[in-house]
Amino acid sequence: MEANHVEVRHLTKRDMLELQSASADVYQIEKLNAWDERAIDALLTRFPDGQICICVDGVVVGCAFSLIINYAKFGDEHTYDEVTAKMTFTSHDPDGDVLYGIEVFIHPDYRGLRLARRLYAARKELCENLNLRSIIAGGRMPNYSKYAEELTAKQYIQKVKDKEIYDPVLSFQLANDFFVRKLLKNYLAGDVESLEYATLLEWPNIYYTRSVKLINATKPEVRIGLVQWQMRRMDNIDALFEQIEFFVDAVSDYKSDFILFPELFNAPLMEPFHRLSIPETIRKLAEFTIPIRDKFIEFAITYNINIITGSMPYMVGDKLYNSGFLCRRDGTWERYDKIHITPSERRNWIMTGGDQIKVFDTDCGKIGIMICYDVEFPEYSRLLADQGMNILFVPFLTDTQNGYTRVRHCAMARAIENECYVAIAGAVGNLARVNNMDIQYAQSALFTPSDFAFPTTGIKAEATPNSEMSLIVEVNLDLLNALHNHGSVTTLKDRRNDLYSLKIIDKS
C-alpha cells in the first residue's frame, strides 16, 4: 500500500462510517465489532480529546480510543466490561489519574506503513499533556490459542518477551515501551483466540505537561540524525535507494525527528556520463531528481521521519538549480534552492541561484535550510531567524579542508549570532570518473549558541572526520527560548535598528 499523505487528528462524527467499515474488516470477534453510532457518540460526548484517528490520503483507516479513569476504583483485577461500563463509558472520570486504552486498530489494507506506531505516539503525547501518570490497557494475546496445549499463559508471555514467539498484539506493545503488570483472566468475553486471557500493560509517564495542545504539539526535545555520506560507485538508482533507505531506517529506529543528507549526495550516478562535457553531465544527473524526491517522500511516511534531502541538480525550464526537498512525515513536501552559487558552479555547471528566502513549518517548529555556500552569508540566516527559525540545516559538499573550514566556522557563527542550532552534514570519500566531483572532505556536526545552557565550545556533537557514519543528536528548543530573553547576551534583541536594517526585496 502506497501513501502520499498521513494525518493523525482527533476523531469526529463524520468519520463514523469509515471506522465502522474498517472495524468490520479487522475483527471477527463480535465484542470488538460493536463500534456503532451509539458507542462513538458516547465516547465523543464524554471524552472527545481522547479519541484519535489516522488518515491516509484523506481516508480514515485506523483509530485509538481512550478513557480517563480513577484507577483505584478498578485495581489490577478488572474486565473490559467493567472499565468501559459495558460500552456506555460512564466510567470516564475527567479527574482520574490514568489514560486507559480501550481500542486500537488499523485497516489491514494499510498495514506496513507503521501507522499504529503513530497512534501510540499520539496517545502517549495525550497522556503527557494531560499530566496523567500512565497509560494502562488490557492487551489481547491472539496467538495464544495456537500454543495453549503446550504452554501456560505465563510461559507464553515470557516466550514473547524473549522473542521466541511472535504475538501481533503483545510483541507490538512491548516494542512500544509498555511492560506487563500482570496476567488477567476472563478479561474479554468471547475472545477465543486469547482464551479470554489478557496482559495488563502499562506505559509510565515520566513527564509533566508542557503544552495545552493535546496532540500534534511542538516538542521541546528534537532528535536529529546527520548522515556523513560515503561517495561510492553505484551501478543504478536502485543502489542509491538502498543506501538511502539504510540510513533512514537506522536513524528512524532511534525515534529521530529529522534526518539530513549532504549536498549533491547522488553524484555517483554521474559516472556513466563522464565522457560528456561537465555541463551535460550535471544535467543528466538532474534527470534522476524527481524519482529520488518521490522515494524520499515514501520513506518519510513509512519511517515516520522528516527528511531533508540535501541537494540535487534540478531543471526548471532551461535553468539548472541546486535544490533539495523537505519531505515531512505526513507526506507533504516543499522545495528549497541554493541561493548563492559558487564561482565554480557558475563556471562549470552554468547554475542559477534561487530567489526565495523562507522558513519551513514542521511538527518540531520552524526550521531553515541553507545549502553549503549559503551559510557563508550572514544576512541570509538572519532573515530566517527573524522569521522564527530555531534549527538551521546546512547540507554541504567540500572537496578540501579549506572549503570545509569556511563552512564549519561560518555555521558556528550563525548559531551564535542567530541564537539557534545549526546542523551540518557532508559527504566523504572519492569518486573516480566523475568530473568536478572527484574528492570530498567533511566532518558533520551540530553547533549551538555559546552560553551557560550549552556546551562551552558551541559544539554539541561531531562526527569522525572523513569517515562514513551517522550522528544522532538531541536538542532542546526550550533552551533557545530562555536564551532569547535571559541570555548573557541577546544578539537578536540588541541590534541597532535605529542605525541599520535588513529586509527581503519583493521581486514579484
Pick from the range 331-379, criterion assigned to a loop (DSSP other than H, G, I, E, B) and in contact with a Pro (Cβ under 8 Å, 6 or more places away or on another chain), ranking: surrounded by the fewest Cβ atoms within 10 Å (Cβ to Cβ): I350
Would you please name the residue that is surrounded by the most Cβ atoms within 10 Å (Cβ to Cβ), looking only at residues in the range 286-306 that are of a type outside the set (A, V, I, L, M, F, W, C) and in contact (Cβ under 8 Å) with a residue 40 or more places away in the chain? N306
If only one of R140, R123 is within 21 Å of I54 (Cα to Cα) and among the basic types (K, R), which one is it? R123
Selection from the range 431-478 of residues farther than 25 Å from S256 by Cα and of a type in the set (A, V, I, L, M, F, W, C) yields L431, A432, V434, M437, I439, F452
Among the residues of the range 17-39, is there at least one that is assigned by TED's automatic domain parsing to the domain that holds R181, of a type in the set (D, E), at pLDDT 90 or above and within 21 Å of R140 (Cβ to Cβ)? no
So L119 clears everything in (1) part of a loop (DSSP other than H, G, I, E, B); (2) at pLDDT 90 or above; (3) within 24 Å of the chain's Cα centre (by Cα) except one condition, right? Which one? (1)
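Conditions tested, residue by residue: (1) at pLDDT 95 or above; (2) crowded, with 17+ Cβ neighbours inside 10 Å; (3) out of contact with any Leu (no Cβ under 8 Å at 6 or more places or on another chain).
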residue: A42; (1), (2), (3): no, yes, yes
residue: T45; (1), (2), (3): no, no, yes
residue: D57; (1), (2), (3): no, no, yes
residue: I68; (1), (2), (3): yes, yes, no
residue: E77; (1), (2), (3): no, no, no
residue: D81; (1), (2), (3): no, no, yes
residue: A85; (1), (2), (3): no, no, yes
residue: T90; (1), (2), (3): no, no, yes
Candidate set from the range 140-164 (those that are assigned to a helix (DSSP H, G or I) and of a type in the set (A, V, I, L, M)); member that is farthest from L183 (Cα to Cα): V160
Would the range 241-248 turn up any residue that is surrounded by fewer than 19 Cβ atoms within 10 Å (Cβ to Cβ) and acidic (D, E)? yes
Criterion: touching a Lys or Arg at 6+ places or on another chain (Cβ under 9 Å), of a type outside the set (S, T, Y) and either at pLDDT below 95 or over 30 Å from D97 (Cα atoms) (or both) - qualifying residue of A286, A300: A300
Residue check: is S256 among the hydroxyl-bearing types (S, T, Y) and more than 24 Å from I391 (Cβ to Cβ)? no
Which residue is nearest to D253 (Cα to Cα), if the candidates are limited to the range 155-181 and must be surrounded by 14 or more Cβ atoms within 10 Å (Cβ to Cβ) and touching an Asp or Glu at 6+ places or on another chain (Cβ under 7 Å)? F178
What residue, among those in the range 282-335 that are acidic (D, E) and touching an Asp or Glu at 6+ places or on another chain (Cβ under 8 Å), is nearest to Q356 (Cα to Cα)? D330
Is there any pair linking a residue in the range 307-318 that is assigned to a loop (DSSP other than H, G, I, E, B) and surrounded by 15 or more Cβ atoms within 10 Å (Cβ to Cβ) to one that is among the acidic types (D, E) and modelled with pLDDT of 95 or more, with Cβ under 6 Å and at least six apart or on different chains, and which? G310/E263
The lone exception for N481 - which of (1) modelled with pLDDT of 95 or more; (2) surrounded by fewer than 22 Cβ atoms within 10 Å (Cβ to Cβ) it fails: (1)
Return the pair list, or none, for Cβ contacts closer than 6 Å from residues in the range 459-474 that are under 16 Å from A442 (Cα atoms) to residues that are small (G, A, S) and surrounded by 15 or more Cβ atoms within 10 Å (Cβ to Cβ), at least 6 apart or on different chains. E462/A445; A463/S444; M469/A463; S470/G225; L471/S444; L471/A461; L471/A463
Check on R496, in contact with a helix residue (DSSP H, G or I) (Cβ under 6 Å, 6 or more places away or on another chain) and either charged (D, E, K, R) or within 30 Å of L276 (Cβ to Cβ) (or both): no
Whichever residue in the range 109-141 is under 17 Å from H5 (Cα atoms) and of a type in the set (D, E, K, R) and, among such residues, is surrounded by the most Cβ atoms within 10 Å (Cβ to Cβ): R118
Sort through S171, S194, S145 and tell me the only one that's closer than 18 Å to I106 by Cβ and of a type in the set (S, T, Y). S171
Kindly indicate the residue of the range 92-108 that is of a type in the set (D, E) and part of a loop (DSSP other than H, G, I, E, B) and also surrounded by the fewest Cβ atoms within 10 Å (Cβ to Cβ) among those meeting that condition. D95
With respect to L392, is the statement that it is at pLDDT below 95 and either in contact with a strand residue (DSSP E or B) (Cβ under 7 Å, 6 or more places away or on another chain) or hydroxyl-bearing (S, T, Y) (or both) true? no
Residue check: is L397 of a type outside the set (D, E, K, R), within 19 Å of Y321 (Cα to Cα), surrounded by 19 or more Cβ atoms within 10 Å (Cβ to Cβ) and in contact with a strand residue (DSSP E or B) (Cβ under 9 Å, 6 or more places away or on another chain)? yes
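Taking the condition of a type in the set (A, V, I, L, M) and touching a residue at least 24 places away in the same chain (Cβ under 8 Å), does A175 pass? Talk me through it step by step, then tell me what you get.
On the way: of a type in the set (A, V, I, L, M): yes; touching a residue at least 24 places away in the same chain (Cβ under 8 Å): no.
It is false that A175 is of a type in the set (A, V, I, L, M) and touching a residue at least 24 places away in the same chain (Cβ under 8 Å).
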Is it the case, given these coordinates, that N322 is under 27 Å from the mean Cα position of the chain (by Cα) and part of a loop (DSSP other than H, G, I, E, B)? no
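The values are calculated or read from the model by the stated rules, or taken from the named source; none is laboratory data. Just so it is clear, the structure is predicted and the values come from calculations on it, not from any experiment. Reconstructed Cβ throughout: ideal geometry from the backbone, glycine too, with neighbour counts over all protein chains shown.
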